[in-house]
Structures are given as C-alpha cells and as structure tokens.
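Only the coordinates and a few stated rules stand behind these numbers; no lab work does. Owing to the predicted nature of the structure, the values given are computational and were not obtained by experimental measurement. Note: ideal-geometry Cβ built from the backbone for every residue, glycine included; neighbour counts use all protein chains shown.
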Amino acid sequence: MNGIRRAATYMVLALCAMVLSVAPAQKSQYAGTNLNFIVVSDQFSAALEALAPVFQEETGINLRVTVLGYGELYQRAIADFIGHTAQADLYSTDIVWSCQFAENGYLTDLASLIKQDAAELDLDDIPTVMWTTGSCGEQQIAFPLVGYAGVLAYNKAAFDAAGIAVPKTVAELAAAAQALTKDGKAGIVMNGQRGTPAAQDWMFYMLMNGGSILGPDGKPALNSPINVETLELYADLFKYAPDGAVSYAWGERVTSFSEGSSMMMVDWSAGLDYLREGAVPVSGSAAITTTPVREGLDPVYPFGGWGVGINADSPSQGAAWEFIKWLSSPEVQKQYVELGGKPIRHSTLTDPDLVAKYPFLSTILEVVEHGDGDFRPRITQYSQIEDAVGLAVNLVVTGQESAQAALDAAQATVAPLFQ
C-alpha cells in the first residue's frame, strides 16, 4: 500500500488549491481542540492526511492523523480501549469489527447524533449498505468512511484475443479461467496463503456461489453442501492460477494481475491502481466488472470498507463529531475522492466530473446498490471463524485435505463459540 499512498500524496500537490477552496473559513466552537485520529494504512489514509490542514484552517480544530498497519492499528486500539487511556479520539474501524467494538462499548454510539443532524448529513444520499461499516443492531458505532466493492478485474486484451465474453456466472468464470491459461499466462489469480488472505478470498467465491458463513439460525454453517462445493470449485480454479499462488496474499495477487501474468482476479476496489493510465504494464488493458454469480441467483455483491468511530473515552466528543460531519459533507467528499478516498455518497458516485475521470465508478455504484456487507459476518466471533476458514482453504488448495474434511474440521472448531 505504500506505493498507493505515495501516488495519492503526489495528487495532493496538484489538487491543493482546489481542496483549499472547499468552503469558506468558519471557526468552530471547538477551535483550539486537539484531535488525534488513528487510521489504517490504505489509499484513503493519504487523503485524510491531506485534508487535515484544510479542516484545521476552516474550523480551528487541530487534527493529527497517525497511519498504522492493519494489525498494529487493531492492537493499539484494543489496548487504548481496555486501558481507558484515550490515546486517540477517532479510529478507523474495519467493517468486521463493528459488533465487537459495539458490544464492548469501545466507541460512542452515534445513532442519536446522526438523528439530531439528519438534515445536515443528508442521509438519503448515503446508500443503505454503507452503514454496515459501523452498525451493530440498533447501534451505529462508526460513520461510513470508505466503501469497498468486491469486483472482477480482467484483462480486456486477453479476452478479445480469445474471443470470449466477460463472465457473468460462476460457471463462465471457470470456463474463462481455463481458456485463458495458455502461453505461460494464468487464467486467474487467487489468494492461497493460510489465514486471512485465503479466508477472505474464498468468502468472495462463497457469496458468488450462493453460500454463507452463518445459517438461518445465526450459527455457523461452514460445512454446508454449497460451501463444500464452493471450496471444491476454488481448489479447481487453482489449476489455472500461477505457480506459487498457494502462498499468495493480496500484494502478490495484485502484482500478478498488474504485470500481465494473470488474466483475472476477484479484488476489492480499495486500490485499483492497475486502472490508472501508465501505472502498471496492463493499465491499458485492465478493466473491472461486477463479480459473477451462480446461474439463477439474484445479483448480490461483496461489500466491505471502513468506518470512523469516536473513542468512548475521548474528552473531545463534540469536536470529533464535527470532524465526521465535515468529512462526510458532499463538498468535502468530492475532494476526498480526488485525493484517493472512496465514495460513501450516491451523489459522489454519480458526480459527472468524477465519473468522467473515473469511469469505473458506475461499477462501484452497481455493487453498492446490490451489496452485502454481512457476507463476512460482523460478529464478535468473526476473527475465529476467519482463522478456521483460512486454515481449511489452505489445506484444500495445497492438496492436504478434501473440502468436506477441511470444512468439517473448521465447523467443529467454531461451533462451540456459539453455544
């Protein structure tokens, strides 16, 4: 992600004058307050760093943005919450942390503030699925910060040369992967690395194929027939993946596609650097579309992202909420996207200037309109489920276990967590 953050920083220099004209200066009642915001290292973090001095200039509130890696952010946040040390006033929160943070009272429930300022926030402009980045039951412990769409990235030139259509169904995806595996190129690239990389990648395919982590009773159904079938499909697709893909995580996956070694991948819309002209070898041929779905199923697409939450122990709740409202305003959101952030508003996803510059926003909009923010369950037991699934997937793609045996073992591991 460092390269992506550098690219976003370069954009700041070109856009600085435009950003500074977002709104006329108007000092806040909280002027002079110091806010600390700890965010994950991702493309949007550079945008937040760029906007911090703009917010300070307009409101008089001092905002310090600290960028940490995913694991370090989580550990630091938990230590801060448990110790009640209020090291940060604001945290970026992964969608899958929502209920863990809500049920432990780590973050302020924003529901009443959102209701109070509903008109100012223009809530109808925020798609429903965006709220899953920080909701748990009736609580809203984080406000949408970025929404990520699960998409299929593909090499247009390879598809044109092979004379095949971009896949709309899971069966067509498998057929395309086979057809495009030739001349030293892989038809598709996937994550096989044990743990989170394999688990999250397989969950994309699970949703595409009509499966789910939890059953209708809210308990794990990891070894359901459709999930076993999906894991068998996932393992079969590895026949068309690059050598060594069983150890791939996100970085290796994107590199393989970006360099033109692999013709397809299912990916988050977090970076999409391969769509930027001249950025990578396949920039001129790369495109994205919605993820394929099992034939006969209504379209449902993977959705993820991050929210921004206020530390329940923060002494600066009012100033923190003012920042959230400022950042989420339509005017600032447009500049946020220009700087590398991801849209949370319908008006931003459909803004003519942005769509002209980023045509892929139409695909993101389609995903958002049919997105499932719970295909990775936002429950307190999620991390244990992810660990169990990540082990199972790796054991199958490396040929050590059958899909049935691996998912039976995973189910046995997580079932006691729900008793």
Set Lys and Arg Cβ to +1 and Asp and Glu Cβ to -1, take the dipole of the chain about its Cα centre, and tell me which of Gly309, Val129, Trp250 lies farthest positive. Trp250
How big is the dipole moment of the stretch 301-419 about its Cα centre under a simple scheme where the beta carbon of each Lys and Arg is +1, that of each Asp and Glu is -1, and everything else is neutral? Debye, nearest 20, please. 200 debye
Bin width 20 Å, origin at 0, all Cα-Cα pairs of the chain: what percent of pairs per bin? 26, 57, 16, 0
Nearest-ten-degree value, helix 317-328 long axis tilted from longest Cα axis of the chain: 60 degrees
Most fluctuating residue given options Pro127, Pro216, Pro242, as computed from a GNM of the chain linking Cα atoms under 10 Å: Pro216
What is the spread of the Cα atoms of the stretch 240-385 along each of their three principal axes, largest first, in whole Å? 53, 42, 33
Of the candidates Thr85, Thr59, Thr108, which one comes out as most mobile in a Gaussian network treatment of the chain with C-alpha springs shorter than 10 Å? Thr85
On C-alpha positions alone, give me the angle between the axis of helix 196-208 and the longest principal axis of the chain, in degrees, nearest 10. 80 degrees
Express the Stokes-Einstein translational diffusion coefficient of the stretch 73-164 in µm² s⁻¹, to the nearest whole number, given a Kirkwood radius over alpha-carbon pairs, 20 °C and a viscosity of 1.002 mPa s. 137 µm²/s
Residue with peak Gaussian network fluctuation, the chain [Cα springs, cutoff 10 Å], from Leu145, Leu365, Leu123: Leu123
Gyration tensor on Cα atoms of the stretch 253-324, a ≥ b ≥ c root eigenvalues, a/c under 1.5 rounded, else prolate if a/b beats b/c, else oblate, says oblate
Assigning unit charges at the beta carbon (Lys, Arg +1; Asp, Glu -1) and nothing else, what dipole magnitude in debye, to the nearest 20, does the chain show about its Cα centre? 620 debye
Explain nothing, just the number: dipole magnitude of the stretch 204-357 about its Cα centre with +1 on each Lys and Arg Cβ and -1 on each Asp and Glu Cβ, in debye rounded to the nearest 20. 220 debye
Here the relative contact order (percent) of the chain, from C-alpha pairs under 8 Å and at least 6 apart, is 25 percent
Could you tell me whether the stretch 81-225 comes out rounded, prolate or oblate from its Cα gyration tensor? Rule is a ≥ b ≥ c as square roots of the eigenvalues, rounded for a/c under 1.5, then prolate if a/b exceeds b/c, otherwise oblate. prolate
Rounded if a/c under 1.5, otherwise prolate or oblate - the stretch 187-258, Cα gyration tensor axes: prolate
Rounding to the nearest 10 and keeping the result within 0 to 90°, find how far the Cα-based axis of helix 382-397 lies from the longest principal axis of the chain. 30 degrees
